[in-house]
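The values are calculated or read from the model by the stated rules, or taken from the named source; none is laboratory data. Remember, it's a predicted structure, so these values are computed and weren't measured experimentally. Don't worry about glycine lacking a Cβ; one is built from the backbone with ideal geometry, like all the others, and counts go over all protein chains shown.
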Amino acid sequence: MEMNQYLDLFIDESREHLQNINENLLELEKNPTNLAIVNEIFRSAHTLKGMSATMGYEDLASLTHQMENVLDAIRNKKIEVSSSILDVVFQSIDDLEAMVESISTGGDGKRNVSEVVRKLEAIEKGTDIVVEETNGQENQSDQLTLQYDDYDYAVIEQVKEQGFNVYEIKVELSPSCILKAARSFMVFEVLEQHGEILKSNPSVDKLETEQFNYAFNVTFITKVDVGNVKNAILKISEIQNVEMTSLDLNKINQENEQKEAMKEIEAAKQEVAATATPAAQEQNNKAAAQSNSKTIRVNIERLDILMNLFEELVIDRGRLEQISRDLSHSELQETVERMTRVSSDLQSIILNMRMVPIDTVFNRFPRMVRQLSKELNKKIELQIFGAETELDRTVIDEIGDPLVHLIRNALDHGIEKPDVRLAKGKPETGTVELKAYHSGNHVFIEVKEDGAGINRDKVLEKALKNKIITEQQAAILTDKQVYELIFASGFSTAEVLSDISGRGVGLDVVKSKIESLGGTVSVDSIFGHGTTFSVQLPLTLSIISVMLVELQKEKYAIPLSSIIETAFIKKTEIMSAHNQKVIDFRGKVVPLLYLNDLFNVPVEMDDQTDGISVVIVRKGDKLAALVVDSFIGQQEIVLKSLGNYLTNVFAISGATILGDGQVALILDCNALIK
């Protein structure tokens, strides 16, 4: 049987089953006596085993079978669920996920899983799990290599763009060294004087408790000469050797490129699979019998092509509408109006096809929080709300890494340890809320925790030290403006080094990433009670509704999502405050921004009218009134990038082609209000 035609479907269904197992294992940990959860996990594992065996991936099937034996023993009440047992099952899930990813990139799905199999067999037999360690020390021959995930790659890419250099440093201590933890601490102190530490292997916790032999690796970010750094480290007693290697982004990105290349090859070779694998066919038939809805999996690249073609259709539609108005031909107008209605329906369908529930991002976090809680010795409960909220697939693909960092930051720097929380009169278990909801044409995502909050004085002290602000500015900043300073590049107030949320090279990356998606991120905090990060994102990045306005002979587009209303203001109603022209808009003092001046649009003659046309726009709780020459009307336009050479144009987020062939620039209201 030719199995390649089923490969894409096998990979997709395997990921779904593994995600289902992950989610139910977390539920089982909360309700260890609920056998219904165990049965659900068993069914997913059993299906995965059958699919893997049918496709010929014996290692995958074998490990799943071993995990299935443990689950069977649990549901038959031969063994009781415990945190240590679930740790091993989660470890086997990690290996299974790695095998599936190997298959998705053209690999054979093979992996050395002898250690986890030994643990699973020990659990099944009811014997103690013995972890092969030497005084808690790792086998450094295969454990010292630094591994980088997508988040690390994004950080490294960002800091390199800012002119920093990134190095991998291997430090070897003398075999006669007695105080290994103290020596590693001194090395870290030297490094922090010359730059920032991104991560280490072994982790900081293991270095502090001397759970390593006589060597460790560090990823280091700096602008200073590395020779000076190396000499400073070698001056520390009992340091035997220091090796510093410049980190190449290609090394990190190689695996991702291989994955993408294999996906493109498979997409070119195969049609979208509309049938299930033989092992899963019976279950699919049952599901189809219970429901009238039918689905088909479509490669996202095909949807991208469809979207690009439709964007061109929208531009031509606008052109036809313009020609129809100019010619005033009744039959042509009727035809164009009908085409407009039909294409609008088509647009709605295409956009909905690309919408994906945000739980595809959120579902990775419960497992991550569980693991990090153990590493940090903290008790943390993750609460998720609004996981059914939908976003465009292109936004979904990009938002994961920023959210990972915000949650890491909440766990590491926000939530206190249980004894500290109890001393403050708080419950020993901290709470992190992850919430998503729609509002207008935007999706809002909030990461809220009830931890220590942000220390205003400490933020100001660090901002002044790093010369981010001046003493004069510091004296007049509001609390919220102070909190926003933590998004500055290289900013960190951490007193203790941590591998969880990085070393001050993260929140600026988060902000840059979110703003590149047309969104914004803000922070608010109450010292001693917690912090909330709020992310605002557009529903889609391609077709948006705008208000077209004119500045002399130039046309500009203002996104409707930013507009409160339009108005005509008499010149007698214009006032001055702090050298700024303002108006009274429903009891609020709103600054006037003259777009002709901001964009250097030449004015042909003096305006003799007794008033001005304004567009009231909003960013959060801030308002501004944009002064324009005239309004054209509302229109749906295709957002086009300005290209690589015009990336830093002030207050312009892109451009579009109008029906008459003219190019209109799209205003970035967030930048204007800022």
Of (1) over 19 Å from the mean Cα position of the chain (by Cα); (2) buried (at least 17 other Cβ atoms within 10 Å of the Cβ); (3) at pLDDT below 85; (4) not β-branched (Val, Ile, Thr), LYS513 satisfies every one except (1)
Do you know which of the residues in region 539-585 that are more than 26 Å from VAL314 (Cα to Cα) and small (Gly, Ala, Ser) is modelled with the lowest pLDDT? ALA577
Name the single residue, out of those in region 235-249 being of a type outside the set (A, V, I, L, M) and without any contact (Cβ under 8 Å) to a residue 60 or more places away in the chain, that is nearest to ARG183 (Cα to Cα). SER237
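Filter region 190-214 for residues that are β-branched (Val, Ile, Thr) and not in a loop (DSSP other than H, G, I, E, B); which is surrounded by the fewest Cβ atoms within 10 Å (Cβ to Cβ)? If you could, list the steps in order and put the result at the bottom.
Of all residues in region 190-214, those β-branched (Val, Ile, Thr) come to 190, 197, 204, 209.
Then keep just the ones that are not in a loop (DSSP other than H, G, I, E, B); that gives 190, 197, 204.
On the way: VAL190: 17, ILE197: 23, VAL204: 19.
Among residues in region 190-214 that are β-branched (Val, Ile, Thr) and not in a loop (DSSP other than H, G, I, E, B), the one surrounded by the fewest Cβ atoms within 10 Å (Cβ to Cβ) is VAL190.
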The number of residues in region 154-187 that are part of a helix (DSSP H, G or I) and in contact (Cβ under 8 Å) with a residue 40 or more places away in the chain is 10
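Conditions (1) of a type in the set (Lys, Arg); (2) more than 12 Å from PHE362 (Cα to Cα); (3) surrounded by fewer than 21 Cβ atoms within 10 Å (Cβ to Cβ), marked per residue:
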| residue | (1), (2), (3) |
| --- | --- |
| ALA387 | no, no, yes |
| GLY400 | no, no, yes |
| LEU403 | no, no, no |
| LEU406 | no, yes, no |
| ILE415 | no, yes, no |
Near pairs, Cβ below 7 angstrom, 6+ apart or cross-chain, from region 335-350 (among the β-branched types (Val, Ile, Thr)) to any residue that is assigned to a helix (DSSP H, G or I): VAL336/LEU320; VAL336/GLU321; VAL336/SER324; THR340/ARG317; THR340/GLU321; ILE350/LEU306; ILE350/MET307; ILE350/PHE310
Does any residue in region 505-529 that is in the same structural domain as VAL482 (by TED's automatic domain parsing) come within less than 6 Å, Cβ to Cβ, of a residue that is hydroxyl-bearing (Ser, Thr, Tyr) and part of a helix (DSSP H, G or I) six or more places away or on a different chain, and which pairs are these? VAL523/TYR483; SER525/TYR483
Test each condition in (1) in contact with a helix residue (DSSP H, G or I) (Cβ under 8 Å, 6 or more places away or on another chain); (2) among the β-branched types (Val, Ile, Thr); (3) under 30 Å from GLY107 (Cα atoms) for THR245 and report the one that comes out false. (1)
Selected residue (criterion: surrounded by the most Cβ atoms within 10 Å (Cβ to Cβ)) from residues of region 140-153 that are among the hydroxyl-bearing types (Ser, Thr, Tyr), part of a helix (DSSP H, G or I) and modelled with pLDDT of 65 or more: TYR151
Quick one: in region 323-359, which of the residues that are closer than 22 Å to GLY386 by Cα and touching a strand residue (DSSP E or B) at 6+ places or on another chain (Cβ under 9 Å) is surrounded by the most Cβ atoms within 10 Å (Cβ to Cβ)? ILE358
Only one of (1) at pLDDT below 85; (2) basic (Lys, Arg); (3) surrounded by 15 or more Cβ atoms within 10 Å (Cβ to Cβ) fails for LYS160. Which number is that? (3)
The helices (runs of 4 or more DSSP H) lying wholly within region 416-477 that contain at least 3 residues that are modelled with pLDDT under 90, assigned by TED's automatic domain parsing to the domain that holds ASN377 and touching a helix residue (DSSP H, G or I) at 6+ places or on another chain (Cβ under 8 Å) are 456-465
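Looking for something at pLDDT below 80 and either within 19 Å of VAL159 (Cβ to Cβ) or surrounded by 15 or more Cβ atoms within 10 Å (Cβ to Cβ) (or both) - is there at least one such residue anywhere in region 482-489? Quick ask: steps written out before the conclusion?
First pass over region 482-489, keeping only residues at pLDDT below 80: 488-489.
Now drop any that are not either within 19 Å of VAL159 (Cβ to Cβ) or surrounded by 15 or more Cβ atoms within 10 Å (Cβ to Cβ) (or both), which leaves 488-489.
Yes.
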Could you please find all residues in region 608-660 being within 14 Å of LEU593 (Cα to Cα) and among the hydroxyl-bearing types (Ser, Thr, Tyr)? SER613
Given the structure, is VAL88 out of contact with any Asp or Glu (no Cβ under 8 Å at 6 or more places or on another chain) and more than 17 Å from MET368 (Cα to Cα)? no
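Go through region 629-674 and give me each residue that's closer than 29 Å to ASP610 by Cα, in a loop (DSSP other than H, G, I, E, B) and either not assigned by TED's automatic domain parsing to the domain that holds LYS571 or not charged (D, E, K, R) (or both). So that I can check it myself, show each step before the final result.
Of the residues in region 629-674, the ones closer than 29 Å to ASP610 by Cα are 629-635, 651, 664-669, 672-673.
Subset that is in a loop (DSSP other than H, G, I, E, B): 629, 651, 668.
Once the filter is applied, which keeps residues that are closer than 29 Å to ASP610 by Cα, in a loop (DSSP other than H, G, I, E, B) and either not assigned by TED's automatic domain parsing to the domain that holds LYS571 or not charged (D, E, K, R) (or both), region 629-674 yields only ALA651.
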